[in-house]
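*Asks:* Have a look at this one.
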Amino acid sequence: MKKHIIALTAIATLSVGAAGQASASSVHTVEKGDTLWSISQAENVSVQNLQQWNDLSSTVIYPSQQLKVEDALQTYVVVSGDTLFNIAEKHNMTVEQLMANNQLTNDLIIPGDKLVLEGSKVIQPKVSAATTTTTTTSNAPASVTKSAAVTQELTMDASAYTASCAGCSGITATGINLLENPNQKVISVDPSVIPLGSKVWVEGYGEAIAGDTGGAIKGNKIDVFIPSKQDALNWGRKTVTVKILN
């Protein structure tokens, strides 16, 4: 996909939740390295909601600032052997309700996925079998979904890009429409280093699909897709660990 790389300095980290029930916290205390985007991913809300609930006119936040995260919701983290049917049956709801709550267009779920059972917050949708699971972010040590096996570990130079730039088609090299699916976790790679279609885990970004290429992405370089231009700027350029998953 034709795109522009956005590179400034920033810090981001992530963690993966465990299987079971959880609720979003009502208040998040900003720590060094936090951005509205990383907090939105951790709390399963949109950046716009965070701005609205906290009367923010911009995306600028400061360490020790307390942000309201409203309307806590009940979630379930998928474990090996789960299906939408047995999850829905266990929680006295229909498969259709479960799919609607999570903006699912098919029944593909992967261990480590967080599904919303009750509530209306924004979560990461999945649109096709090519789309990988998403992970939440926080200021905690990063880890990979327990069920995923790491086949290779690389150190990469990571920049960020958006799909809303002049001349950008929004369609990745593997056919993912990022304009229609802005919450997809996709990275641009050099296919000779990371094959297209590979599931990967990127430090500070989470599990994603190697679904795009770029003219400047050669060798040990990747470009992570972030829907918000400001959050892409906040990502900047950094050295990260990338794990290729089976």
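The values are calculated or read from the model by the stated rules, or taken from the named source; none is laboratory data. Keep in mind that this is a model prediction, so the values were computed, not measured. When we count neighbours, we look across all protein chains shown, and the Cβ atoms used for this are built from the backbone with ideal geometry, even at glycine. The accessibility values were calculated without ligands, DNA or RNA, using every heavy atom of the protein model including side chains. Shrake-Rupley method; radii C 1.70, N 1.55, O 1.52, S 1.80 Å.
*Asks:* Check whether at least one residue in region 120-137 is among the basic types (Lys, Arg), modelled with pLDDT of 80 or more and open to solvent by less than 60 Å² (accessible area, probe 1.4 Å), and report yes or no.
*Replies:* No, that holds for no residue.
*Asks:* Return the pair list, or none, for Cβ contacts closer than 7 Å from residues in region 188-204 that are more than 15 Å from ALA173 (Cα to Cα) and in contact (Cβ under 8 Å) with a residue 24 or more places away in the chain to residues that are open to solvent by 70 Å² or more (accessible area, probe 1.4 Å) and in a loop (DSSP other than H, G, I, E, B), at least 6 apart or on different chains.
*Replies:* Here the result reads VAL193/ASN220, each pair linking region 188-204 to a residue that is open to solvent by 70 Å² or more (accessible area, probe 1.4 Å) and in a loop (DSSP other than H, G, I, E, B).
*Asks:* Moving on to the next point. Please go through region 167-176 and pick out each residue that is without any contact (Cβ under 8 Å) to a residue 60 or more places away in the chain and loosely packed, with under 15 Cβ neighbours inside 10 Å.
*Replies:* The one that is without any contact (Cβ under 8 Å) to a residue 60 or more places away in the chain and loosely packed, with under 15 Cβ neighbours inside 10 Å: GLY175.
*Asks:* Counting just the residues of region 44-80 that are touching a residue at least 60 places away in the same chain (Cβ under 8 Å) and within 19 Å of LEU233 (Cβ to Cβ), which one comes out farthest from the chain's Cα centre (by Cα)?
*Replies:* Once the filter is applied, the top-ranked residue is THR59.
*Asks:* Ok, one more. Checking ALA166 against (1) of a type in the set (A, V, I, L, M); (2) modelled with pLDDT of 90 or more; (3) more than 17 Å from the chain's Cα centre (by Cα), which single condition isn't satisfied?
*Replies:* Only one criterion in (1) of a type in the set (A, V, I, L, M); (2) modelled with pLDDT of 90 or more; (3) more than 17 Å from the chain's Cα centre (by Cα) is unmet by ALA166, namely (2).
*Asks:* Right, here's the next one. Pairs only if they're at least six apart or on different chains, beta carbon under 8 angstrom, first in region 81-100 and within 16 Å of LYS114 (Cβ to Cβ), second open to solvent by 50 Å² or more (accessible area, probe 1.4 Å) and not in a loop (DSSP other than H, G, I, E, B); list them, first residue then second.
*Replies:* ALA88/GLN97
*Asks:* Taking only region 38-66 into account, find how many residues are surrounded by fewer than 17 Cβ atoms within 10 Å (Cβ to Cβ) and touching a strand residue (DSSP E or B) at 6+ places or on another chain (Cβ under 6 Å).
*Replies:* Qualifying residue count, region 38-66: 3.
*Asks:* Turning to a different aspect of this structure: Do we have any residue at all in region 90-107 that's open to solvent by 70 Å² or more (accessible area, probe 1.4 Å), within 23 Å of ASP34 (Cβ to Cβ) and modelled with pLDDT under 80?
*Replies:* No - not one qualifying residue is present in region 90-107.
*Asks:* Go through region 190-204 residue by residue and tally those that are out of contact with any Leu (no Cβ under 7 Å at 6 or more places or on another chain) and either small (Gly, Ala, Ser) or crowded, with 20+ Cβ neighbours inside 10 Å (or both).
*Replies:* Residues in region 190-204 being out of contact with any Leu (no Cβ under 7 Å at 6 or more places or on another chain) and either small (Gly, Ala, Ser) or crowded, with 20+ Cβ neighbours inside 10 Å (or both): 5 in total.
*Asks:* One residue is enough: does region 38-55 have a residue meeting the conditions touching a Pro at 6+ places or on another chain (Cβ under 8 Å) and modelled with pLDDT of 80 or more?
*Replies:* Looking for residues that are touching a Pro at 6+ places or on another chain (Cβ under 8 Å) and modelled with pLDDT of 80 or more, one finds none in region 38-55, hence no.
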